[in-house]
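Undergrad: Quick one: the structure is below, questions incoming.
The values are calculated or read from the model by the stated rules, or taken from the named source; none is laboratory data. These figures come from a predicted structure and were not determined experimentally. Because the Cβ atoms are built from the backbone with ideal geometry, glycine has one as well, and the counts that use them run over all protein chains shown. Remember, those area values only see protein heavy atoms, side chains included, never the ligands or the DNA or RNA. Shrake-Rupley method; radii C 1.70, N 1.55, O 1.52, S 1.80 Å.
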Number of protein chains: 2
Amino acid sequence: MLHEEVVGRIRAILLDGEIPPGARIPERELCERLEISRTPLREALKVLAAEGLVQLLPHRGSRAAKLTDKDMRDLFEVCQGLEALAGELACERITDAEIDAIATAHAAMVQHYRDGDLIQYYRGNRAIHEAIVTAAGNPVLAGLYTSVTARIRRARYVTPMTPQRWAFAVKEHEAILNALQRRDGVGLAHILRAHLRHKREEVLQAGFAETEGGDLTLRIA
Amino acid sequence: MLHEEVVGRIRAILLDGEIPPGARIPERELCERLEISRTPLREALKVLAAEGLVQLLPHRGSRAAKLTDKDMRDLFEVCQGLEALAGELACERITDAEIDAIATAHAAMVQHYRDGDLIQYYRGNRAIHEAIVTAAGNPVLAGLYTSVTARIRRARYVTPMTPQRWAFAVKEHEAILNALQRRDGVGLAHILRAHLRHKREEVLQAGFAETEGGDLTLRIA
DNA sequence: TTTTGCATTTTTGAATGCAAAATTTGGAAT
DNA sequence: ATTCCAAATTTTGCATTCAAAAATGCAAAA
């Protein structure tokens with residue numbers, strides 16, 4: 001198994017919440033499970049620590065990183081900046097085909113909204129944001145975005161989605177698609193920022209309780 | 001020696017250009033020099049690879065990362081976004097004392113400009129930008145900024161600084177300080193973006209020739 | 001019953017050793 | 001002289017091993 005693959009698999013374990021935030025990472029167990037020895041495992045853990053997903057305590061092992069409210073706020077702030085930048089760049093560089101693909105994804109997402117399928121809605125939502133970042137054509141930006149969103153998602157916050165908020169989010173997405181189609185970079189940046197600011201407010205207001213055995217289910221309040 | 005220290009020392013070696021971009025990283029030599037064995041060294045190299053300073057080639061060792069023009073462009077673009085964000089946040093959060101400190105640093109930098117001391121000027125310049133990022137009060141942002149600027153600086157580009165360009169850069173810095181003092185976040189963001197865009201154009205135009213034994217001296221054309 | 005000090009066990013962090021892969025070297029054939 | 005191929009050497013990647021640090025458990029004392 002290649003180094004990058006080891007990193008990827010542990011990252012997945014963390015993102016899936018299989019090892020909850022704050023929990024110790026059992027080296028021996030992971031070694032057995034991944035069928036590797038401690039050396040490559042530890043190399044991977046150090047990389048993930050640099051990414052912010054793992055916390056290394058000298059001589060006291062590693063833990064799955066636990067985010068504070070402040071961390072969460074900071075991450076959202078950066079994410080806003082990255083998405084706004086991506087939106088501006090995307091408007092300069094996106095192809096018609098890419099716009100069409102996003103429009104299709106948008107329509108599918110709206111259908112999930114109408115169906116009341118929150119999980120599929122979130123999935124589609126994410127795909128759209130990622131498509132915009134990809135369309136920006138900047139791998140450095142894409143890398144940072146992936147890393148930051150992973151850390152946010154890692155904090156398995158569960159905001160109770162209200163019908164009003166949901167409806168509003170969909171409206172915002174209409175505006176996002178519209179700005180993209182008009183290739184209005186500045187406008188898109190503004191909308192994306194506002195969109196994320198709202199999301200952040202919801203999340204922080206809900207307290208995104210990062211508890212050990214926290215439940216993962218998406219709720220509709 | 002602690003893990004973080006090993007990473008730091010190797011990073012310094014790379015940033016100093018002691019191992020030039022594209023050159024192989026001699027594991028054995030570095031081990032002897034840092035007086036550590038290969039295990040911790042390799043852990044550090046993997047972390048630096050995740051940061052983008054080192055390139056790992058499976059079964060073929062590691063090299064100091066070499067940036068293409070595209071990489072450089074991407075890094076500058078992201079840097080612009082990060083600084084703009086930092087500027088906006090800084091205007092919301094900066095204290096009077098911090099503004100005073102930056103004003104002092106600015107004055108010192110202008111004096112270096114008048115003295116024609118390019119090295120000191122660059123040093124002061126960097127300090128100001130870093131102070132703005134710090135004033136944003138967002139460690140996540142600060143971390144990304146550090147990492148991105150390190151990679152840019154790593155590409156020891158040497159733009160021949162012309163008197164006109166230098167004078168213009170100083171003018172821009174006056175505007176930066178002014179916007180900060182007025183706490184005009186949007187304005188500051190714009191200025192910072194333009195400032196970096198100009199810098200990028202200079203660098204890319206100069207070709208930032210990333211040659212093995214490239215000279216490190218700062219020039220005034 | 002709770003707390004403190006010490007011995008034991010476990011776990012971490014690093015060095016060494018070994019097998020596999022790649023590079024280099026040397027020689028032969030064209 | 002050049003090119004191609006095979007052997008030798010070097011280097012990589014990982015498993016194992018070893019020393020040190022921290023956690024645990026237990027007994028004795030308050």
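Undergrad: Identify all residues within region B:19-63 that are more than 26 Å from the chain's Cα centre (by Cα), open to solvent by 60 Å² or more (accessible area, probe 1.4 Å) and at negative phi; write none if there are none.
TA: Once the filter is applied, which keeps residues that are more than 26 Å from the chain's Cα centre (by Cα), open to solvent by 60 Å² or more (accessible area, probe 1.4 Å) and at negative phi, region B:19-63 yields B:Arg28, B:Glu29, B:Glu32, B:Arg33, B:Ser37, B:Arg38, B:Thr39, B:Pro58, B:Arg60.
Undergrad: Of everything in region B:64-76 that's touching a residue at least 12 places away in the same chain (Cβ under 8 Å) and open to solvent by less than 10 Å² (accessible area, probe 1.4 Å), which residue is nearest to DNA strand D (Cβ to nearest atom)?
TA: That would be B:Ala64.
Undergrad: Got at least one residue in region A:82-93 being part of a helix (DSSP H, G or I), open to solvent by 20 Å² or more (accessible area, probe 1.4 Å), within 14 Å of chain B (Cβ to nearest Cβ) and in contact (Cβ under 8 Å) with a residue 60 or more places away in the chain?
TA: There is at least one residue in region A:82-93 that is part of a helix (DSSP H, G or I), open to solvent by 20 Å² or more (accessible area, probe 1.4 Å), within 14 Å of chain B (Cβ to nearest Cβ) and in contact (Cβ under 8 Å) with a residue 60 or more places away in the chain.
Undergrad: Can you name the condition, by its number, that A:Ala12 falls short on among (1) surrounded by 15 or more Cβ atoms within 10 Å (Cβ to Cβ); (2) more than 14 Å from every other protein chain (Cβ to nearest Cβ); (3) under 30 Å from A:Gly137 (Cβ atoms)?
TA: The one condition A:Ala12 does not meet is (1).
Undergrad: Being open to solvent by less than 60 Å² (accessible area, probe 1.4 Å), assigned to a helix (DSSP H, G or I) and closer than 30 Å to A:Leu48 by Cβ, is that true of even one residue in region A:153-163?
TA: yes
Undergrad: Which pairs do you get when a residue that is farther than 13 Å from B:Gly8 by Cα and part of a strand (DSSP E or B), found in region B:36-63, comes within reach of a residue that is away from DNA strand D (no atom under 11 Å from the Cβ) and among the acidic types (Asp, Glu), reach meaning Cβ atoms under 9 angstrom, with the pair 6+ apart or on two chains?
TA: none
Undergrad: Here's a follow-up. Restrict the check to region B:31-43 and report whether at least one residue is more than 11 Å from DNA strand C (Cβ to nearest atom) and among the aliphatic types (A, V, I, L, M).
TA: Checking region B:31-43: not a single residue is more than 11 Å from DNA strand C (Cβ to nearest atom) and among the aliphatic types (A, V, I, L, M).
Undergrad: So which residues in region B:189-201 are over 7 Å from B:Ala84 (Cα atoms) and open to solvent by less than 30 Å² (accessible area, probe 1.4 Å)?
TA: Selection gives B:Ala194, B:His195, B:Leu196.
Undergrad: Restricting to region A:1-22, and then to whatever is part of a loop (DSSP other than H, G, I, E, B) and closer than 17 Å to A:Arg153 by Cβ, can you tell me which residue is nearest to DNA strand C (Cβ to nearest atom)?
TA: Step by step, filter region A:1-22, then rank; the result is A:Ile19.
Undergrad: Do we find a residue being away from DNA strand D (no atom under 16 Å from the Cβ) and either within 14 Å of chain B (Cβ to nearest Cβ) or open to solvent by less than 20 Å² (accessible area, probe 1.4 Å) (or both) anywhere in region A:110-117?
TA: Yes, because at least one residue in region A:110-117 is away from DNA strand D (no atom under 16 Å from the Cβ) and either within 14 Å of chain B (Cβ to nearest Cβ) or open to solvent by less than 20 Å² (accessible area, probe 1.4 Å) (or both).
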